[in-house]
Ligand code: ADP
Ligand code: MG
């Protein structure tokens, strides 16, 4: 059920709270794990209160609102908007296939770029989310199974996070460090990878069953 998948993914953020705080300690103010955990906890409660846990749009909307309302940091505002706008591009007939995922991650990237004005290479969450979106394009997905596509997307996301170590931050708190931010992973890119890995884990276990 969609609600259970979403809750499992949100729980991965609770588990990684300290790790994300430590990353943000190096290039920011040390609260990224706390922000994500606060949003995830509120989102889990909002999902439990939903009448219908099978409606993807409602699930995405509830998570988006929970992040927007309960998280003070930049990431809460950006992830909140991203989830709310993703909710607007799906309906009850949406299949979980590459085309739908391209739409969802397209909406996520657009929402974040509209609000944060960052580009690929600025050392933000977009350096993981853009490669994920691009992995679901029709061109890349031609002749591949869903499982192969997920593996490619997950590898692209992992490489995207790794690449943030080579970048100087141009947006967010880390931007004030400039070149001194090189050598460290971007915390928001790390949380995006955690979320996507957890999602892939849920989908793959569904595929195997
Ligand atoms: P804050 O910076 O308010 O303390 P967090 O620590 O929770 O918020 O989140 C920091 C993360 O937010 C960064 O690692 C980066 O990935 C992301 N971020 C910050 N500014 C932007 C932006 N303008 N566009 C996209 N992502 C951003
Ligand atoms: Mg922070």
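Some notes on this structure:
- Helix 17-27 vs. the chain, principal-axis angle (Cα, 0 to 90°, nearest 10): 40 degrees
- Spin-label pair residue 99/residue 148, simplified geometry with 7 Å Cα→Cβ offset, distance in nm: 1.9 nm
- Against the chain, whose longest principal axis comes from its Cα atoms, helix 187-208 is set at around 20 degrees.
- Over segment 116-209, the Kirkwood radius and the radius of gyration, each from Cα atoms, give a ratio Rg/Rh of 1.05.
- Whole-Å distance, taken between Cα centres, linking segment 5-67 and segment 153-190: 21 Å
- Over the chain: helical MRE at 222 nm, DSSP H runs n ≥ 4 each giving -39500 (n - 2.57), nearest 500: -22500 deg cm²/dmol
- Angstrom value of the Kirkwood radius, inverse mean 1/r, which spans all Cα pairs in segment 18-134: 14.8 Å
- Between residue 18 and residue 48, the contour length at 0.36 nm per residue exceeds the alpha carbon distance by 8.3 nm.
- The long axis of helix 126-135 is offset from the longest Cα principal axis of the chain by roughly 30 degrees.
- For segment 61-192, alpha-carbon Rg over 2.2 N^0.38 Å: 1.08
Values quoted throughout were computed directly from the atomic coordinates according to the rules given, and no laboratory measurement underlies them. From a predicted model like this one, the values you see are computed outputs, not experimental measurements. When we count neighbours, we look across all protein chains shown, and the Cβ atoms used for this are built from the backbone with ideal geometry, even at glycine.
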